[in-house]
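The values are calculated or read from the model by the stated rules, or taken from the named source; none is laboratory data. These numbers were taken from a predicted model, which means no experiment stands behind them. Here the Cβ positions follow ideal geometry from the backbone for every residue, glycine too, while neighbour counts run over all protein chains shown.
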Amino acid sequence: MCSQNPANGYFCRPVRGLFVEFAALNMKIKVTLPDGSVREFEPGVSAMDVARSISEGLARNVLSAKVNGEVRDANRPLPGDCTLQLLTWNDAEGKSTLWHSSAHLMAEALEALYPGTKFGIGPPIENGFYYDIDLGERTIGEGDFAAIEAKMKELASKKEAYVRKEVSKADAIAYFKEKGDEYKLELLEGLADGEITFYTQGNFTDLCRGPHIPDTSFIKASKVMSVAGAYWRGDEKRKQLTRLYAITFPKQKELDEYLVLLEEAKKRDHRKLGKELDLFTFSEKVGAGLPLWLPKGTALRERLINFMKNAQERDGYEQVATPHIGGKALYVTSGHWDKYGKDSFQPIHTPNEGEEFMLKPMNCPHHCEIYASRPRSYKDLPLRLAEFGTVYRYEQSGELHGLTRVRGFTQDDAHLFCRPDQVKEEFIKVIDLVLLVFKALDMNDYEAQISLRDKVDRSKYIGSEANWEKAEAAIIDAAAEKGLKTFVEYGEAAFYGPKLDFMVKDALGRRWQLGTIQVDYNLPERFELEYVGSDNARHCPVMIHRAPFGSLERFIAVIIEHTAGRFPLWLTPEQAVVLPISDKYVDQARQLSASLKDSDIRASVDERNEKIGRKIRDAELAKTPFMLIIGEKEAAEGTVSVREHGQGDLGTMPVKAFTDLVHARVTAQLGGL
Ligand SMILES: [Zn+2]
Ligand SMILES: [Zn+2]
């Protein structure tokens, strides 16, 4: 079984019946390709045959195929007239297919090296795949990785086909009983007869819904990355298995490049740089996943917060403040208690019988109550309530990671309550705000994902058809008007409304989801929010959740790694360093640094008894944006000699000219704010 979530429907329905019918009638099938062209083929043709009919070169790169929206083995016969997209390494789903197939290959290697190994689940993940295995008494460590990689390489070169087979539940159970793999047997319990498939390559057979690559020769380079413990089915009460992470590539060169990138990512790791830059720390006593912000980190946060506050003020937001806890009834009303209550921090009890509070997991319910605190008219809308609200969400300790997965974090949250006819305009404004943030942080490579309802099944969505149509159109129009590069995902909308997410590529080409804008029809209804319309009737407002940074913690982690700790001038902890030429000028240097502080410029003094050349070199290495050199001439004239990092000498200028220069740069970076 390959996916952790057997409910997410990778299973392919048997199509043999349909195929026979087509064959009997000797009808050609029509295949619609992504460019809209339609080609005709004999029944029984596979996606791979279609690829070959286009070019052999293409066929060599096809990993799987999307048929009528479903990812399938490229070698399976097409089910009749269909839309077809051939998936290669350049498609996320193609990568996924290669990695999922590689998990099977690694399992085959492990079984060959360590007979008796039992297998849990082995899904593809964002970068590669893992397999959870039970090695019995044996353990494996980094020293074993090379042998596993070598075995994978040997098996891959055999060009073994991945063969799909539908099996009855009884036969499947018999197979894994014989093999003695209790994990697969347990997974089988959750599957119905008629939906069970096996995939076999070489000597290894797995319970799996597929899809897979045609054969193992597509896997050209393998690297086992790490080993960790993982509880069976994520349950701390069950057995701890060994989780082996690995990644594979269709070319050796791609693996080599990936390893270089990883090295660079290690250097930029925000946990490492956060320590070096003195930004934040963690304490076991305070608790895992609860970051402590140090003075420099706090100042950096404050700069981000002030930037956002200024932008929001310009856009008509109003700041509110709400407590860190809320009565349990609040979350029963919001629905969070039902949905997440069991997996959250548990209620706080008071000496009063029956009084229960929850740590705030999100700010929205509190803001709904602010909206409801007085009658609202259509003229009051939109109402934009903003709060830098700190929220708490329980995460398993194994899931915690630096600042990107924490248990307490601060959102730059706001909720826009508006009329249905105002959704588009509000979206445009929020998009502008998100783009302002990206510009200020030098994030220039992004696209927007628009998540809409499933095209066919609309049963799970709440809210009226008319409102959904209006909101979906509003998002699409707003994104188009702003000239965003977008892609639409049908079926990815939340049950309570459509949304727009920005996918940002960082300096290492990694994708981060930032700046979600989400329409919500659910909470206003649950909280019975209303406004009096121009028709004097009562209406339910539309609620929009938005947080351009998302959480300050995660956002700061992203910008540390994106900038390698070299923040833009407006944000960086130290904008300038004053370098006295000798001890004689230290006093003047200190005075200069103090006067810069009065002009809102952050500067320190290098008071070391070093030669000026050495001080300049060190400041260049530290990548401090500006170096201000003070010697006899400067001290006498009240000027500074300015060097810019990476630019060199800017000449001697009055102090005022330098502060003007910095202020002008900062204002430009902040889009005039
Ligand atoms: Zn599988
Ligand atoms: Zn919200």
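Of the listed requirements (1) within 15 Å of ligand 1 (Cβ to nearest atom); (2) closer than 16 Å to TRP99 by Cβ, ILE247 misses just one: (1). Those strands (runs of 3 or more DSSP E) of region 201-311 that lie entirely within it include none in which at least 3 residues are under 30 Å from ALA51 (Cα atoms) and free of Cβ contacts under 8 Å to residues at least 40 places away in the same chain.
Taken together, the residues in region 512-538 that are in contact with a Phe, Trp or Tyr (Cβ under 6 Å, 6 or more places away or on another chain) and farther than 22 Å from GLU492 by Cβ amount to 4. Looking only at residues that are in a loop (DSSP other than H, G, I, E, B) and closer than 20 Å to GLY515 by Cβ in region 362-419, which one is farthest from ligand 1 (Cβ to nearest atom)? Per the stated criteria, the residue is PRO382.
Report, by residue number, each residue of region 97-144 that is assigned to a strand (DSSP E or B), within 14 Å of ligand 1 (Cβ to nearest atom) and crowded, with 17+ Cβ neighbours inside 10 Å. Across region 97-144, the qualifying residues are PHE119, PRO124, PHE129, TYR130, TYR131, ASP132, ILE133. The residue that is farthest from ligand 2 (Cβ to nearest atom), among those in region 379-435 that are under 14 Å from PHE549 (Cβ atoms) and among the polar types (S, T, N, Q), is THR404. Residues of region 76-93 that are surrounded by 18 or more Cβ atoms within 10 Å (Cβ to Cβ) and within 16 Å of ligand 1 (Cβ to nearest atom): ARG76 alone. Of all the numbered requirements in (1) in contact (Cβ under 8 Å) with a residue 40 or more places away in the chain; (2) over 17 Å from HIS663 (Cβ atoms); (3) of a type in the set (A, V, I, L, M, F, W, C), VAL586 misses one, and that requirement is (1). Would you check if SER593 is more than 16 Å from ligand 2 (Cβ to nearest atom) and in contact (Cβ under 8 Å) with a residue 40 or more places away in the chain? Spelling it out, it is not the case that SER593 is more than 16 Å from ligand 2 (Cβ to nearest atom) and in contact (Cβ under 8 Å) with a residue 40 or more places away in the chain. Please indicate, with yes or no, whether at least one residue in region 488-503 is of a type in the set (A, V, I, L, M, F, W, C) and in contact (Cβ under 8 Å) with a residue 60 or more places away in the chain. The answer is yes, given that some residue of region 488-503 is of a type in the set (A, V, I, L, M, F, W, C) and in contact (Cβ under 8 Å) with a residue 60 or more places away in the chain.
Take the conditions within 30 Å of TYR446 (Cβ to Cβ), in contact with a His (Cβ under 8 Å, 6 or more places away or on another chain) and in contact (Cβ under 8 Å) with a residue 40 or more places away in the chain and apply them to PRO625. Does it pass? Yes; evaluated as a whole, the condition is true for this residue.
Looking across LEU628, LEU571, one residue alone is in a loop (DSSP other than H, G, I, E, B) and surrounded by 16 or more Cβ atoms within 10 Å (Cβ to Cβ). It is LEU571. Of all residues in region 501-560, those satisfying the criterion of being among the basic types (Lys, Arg) and out of contact with any Ser or Thr (no Cβ under 9 Å at 6 or more places or on another chain) are LYS505, ARG510, ARG511, ARG538. Here GLU142, GLU137 are screened, and the one residue that is more than 31 Å from the chain's Cα centre (by Cα) and either within 24 Å of PHE249 (Cβ to Cβ) or free of Cβ contacts under 8 Å to residues at least 40 places away in the same chain (or both) is GLU137. Residues in region 161-184: is at least one surrounded by fewer than 13 Cβ atoms within 10 Å (Cβ to Cβ), free of Cβ contacts under 8 Å to residues at least 40 places away in the same chain, on the phi > 0 side of the Ramachandran plot and not basic (Lys, Arg)? Checking region 161-184: not a single residue is surrounded by fewer than 13 Cβ atoms within 10 Å (Cβ to Cβ), free of Cβ contacts under 8 Å to residues at least 40 places away in the same chain, on the phi > 0 side of the Ramachandran plot and not basic (Lys, Arg).
Between ILE517, ILE556, ILE560, which is under 25 Å from ALA479 (Cα atoms), more than 16 Å from ligand 1 (Cβ to nearest atom) and surrounded by 23 or more Cβ atoms within 10 Å (Cβ to Cβ)?
Numbers: ILE556 fails: under 25 Å from ALA479 (Cα atoms); ILE560 fails: under 25 Å from ALA479 (Cα atoms).
Sole residue among the options that is under 25 Å from ALA479 (Cα atoms), more than 16 Å from ligand 1 (Cβ to nearest atom) and surrounded by 23 or more Cβ atoms within 10 Å (Cβ to Cβ): ILE517.
With the structure loaded, tell me whether ALA147 is away from ligand 1 (no atom under 14 Å from the Cβ), modelled with pLDDT of 95 or more and out of contact with any Lys or Arg (no Cβ under 6 Å at 6 or more places or on another chain) or whether it fails that test. So ALA147 fits the description; yes.
Taking the condition loosely packed, with under 15 Cβ neighbours inside 10 Å, in the same structural domain as GLU137 (by TED's automatic domain parsing), in contact (Cβ under 8 Å) with a residue 12 or more places away in the chain and part of a strand (DSSP E or B), does ALA192 pass?
No: the conditions fail for ALA192.
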